[in-house]
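Below you'll find the structure, written out as structure tokens, and then a few comments.
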Amino acid sequence: MRNKLHIKKGDTVVVISGADKGKKGKVLKSFPKTQRVIVEKVNFIKKHMRPTQQNPQGGIVQMEAPIHVSNVQLFNDKLADVTKAVFRIVGDKRVRVDKKSGDEI
């Protein structure tokens with residue numbers, strides 16, 4: 001069974017639940033196997049880093065952590081509203097389509 005996400009890298013999404021509810025950002029990375037995405041400027045954690053050659057100081061670094069894909073929803077800039085992405089077959093291709101407007105994503 002293939003794990004497919006309706007949200008992909010580069011999409012603009014809105015967080016719909018959790019501590020960062022209402023924040024909007026771009027998807028930086030997606031993890032289909034675990035159904036998680038990393039969203040820009042959302043779900044910050046502090047990570048203790050040991051000194052390395054690239055970072056000789058070490059210390060505490062603030063970075064984005066993955067959140068579950070069910071906690072985000074796709075954002076449509078034209079409608080300025082959240083929407084769902086559905087897959088439709090056009091000709092012999094399978095494309096993602098905006099459910100509200102019908103536009104190809």
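The values are calculated or read from the model by the stated rules, or taken from the named source; none is laboratory data. Just so you know, these numbers come straight off a predicted model, no measurement behind them. Neighbour counts run over all protein chains shown; Cβ positions are idealised from the backbone, glycine included.
What strands (runs of 3 or more DSSP E) completely inside the chain contain at least 1 residues that are among the small types (G, A, S)? Before you say what the answer is, go through the steps one by one.
Details: elements: 12-15, 24-31, 36-39, 44-49, 59-64, 72-76, 81-83, 85-90, 93-98.
Output list reads 24-31, 59-64, 85-90.
Would you confirm whether or not the range 45-57 contains a residue that is under 25 Å from I105 (Cα atoms), surrounded by fewer than 17 Cβ atoms within 10 Å (Cβ to Cβ) and either of a type in the set (D, E) or at pLDDT 95 or above (or both)? Full working, then the answer.
As a first pass, look at the range 45-57 and keep what is under 25 Å from I105 (Cα atoms): none.
No, the range 45-57 has no match at all.
I'd like to verify a number: residues in the range 67-99 that are in contact with a Phe, Trp or Tyr (Cβ under 6 Å, 6 or more places away or on another chain) and closer than 19 Å to V15 by Cβ, how many?
1
Which count do you get for residues in the range 26-35 that are more than 19 Å from R96 (Cβ to Cβ) and either of a type in the set (S, T, N, Q) or surrounded by 12 or more Cβ atoms within 10 Å (Cβ to Cβ) (or both)?
Here is the first cut: in the range 26-35, the ones more than 19 Å from R96 (Cβ to Cβ) are 33-34.
From what is left, the residues that are either of a type in the set (S, T, N, Q) or surrounded by 12 or more Cβ atoms within 10 Å (Cβ to Cβ) (or both) are 34.
The number of residues fulfilling the criteria is 1.
In the list D92, D98, which residue meets the criterion of being farther than 16 Å from H6 by Cα and of a type outside the set (K, R)?
Working: D98 fails: farther than 16 Å from H6 by Cα.
Unique residue meeting the criteria: D92.
Those residues that are among the acidic types (D, E) and in contact with a Ser or Thr (Cβ under 7 Å, 6 or more places away or on another chain), I need them from the range 13-56; list them, please.
Within the range 13-56, the subset among the acidic types (D, E) is 20, 40.
Of everything in the range 13-56, nothing turns out to be among the acidic types (D, E) and in contact with a Ser or Thr (Cβ under 7 Å, 6 or more places away or on another chain).
When the residues of the range 4-20 are narrowed to those that are without any contact (Cβ under 8 Å) to a residue 60 or more places away in the chain and hydrophobic (A, V, I, L, M, F, W, C), which ends up surrounded by the most Cβ atoms within 10 Å (Cβ to Cβ)?
Here the answer is V15.
So if I check each of L74, L79, which one is at pLDDT below 95, crowded, with 16+ Cβ neighbours inside 10 Å and not β-branched (V, I, T)? Lay out the reasoning, then the answer.
Numbers: L79 fails: crowded, with 16+ Cβ neighbours inside 10 Å.
L74 is the lone residue from the list that is at pLDDT below 95, crowded, with 16+ Cβ neighbours inside 10 Å and not β-branched (V, I, T).
State yes or no: is V42 touching an Asp or Glu at 6+ places or on another chain (Cβ under 6 Å), touching a residue at least 12 places away in the same chain (Cβ under 8 Å) and either surrounded by 11 or more Cβ atoms within 10 Å (Cβ to Cβ) or farther than 19 Å from R96 by Cβ (or both)? Give the derivation first.
On the way: touching an Asp or Glu at 6+ places or on another chain (Cβ under 6 Å): yes; touching a residue at least 12 places away in the same chain (Cβ under 8 Å): yes; either surrounded by 11 or more Cβ atoms within 10 Å (Cβ to Cβ) or farther than 19 Å from R96 by Cβ (or both): yes.
Against the criterion (touching an Asp or Glu at 6+ places or on another chain (Cβ under 6 Å), touching a residue at least 12 places away in the same chain (Cβ under 8 Å) and either surrounded by 11 or more Cβ atoms within 10 Å (Cβ to Cβ) or farther than 19 Å from R96 by Cβ (or both)), V42 qualifies.
Residue-by-condition table, conditions (1) more than 18 Å from K21 (Cβ to Cβ); (2) among the hydroxyl-bearing types (S, T, Y):
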{"position": "E64", "(1), (2)": "no, no"}
{"position": "F75", "(1), (2)": "no, no"}
{"position": "D81", "(1), (2)": "no, no"}
{"position": "D92", "(1), (2)": "yes, no"}
{"position": "S101", "(1), (2)": "yes, yes"}
{"position": "E104", "(1), (2)": "yes, no"}
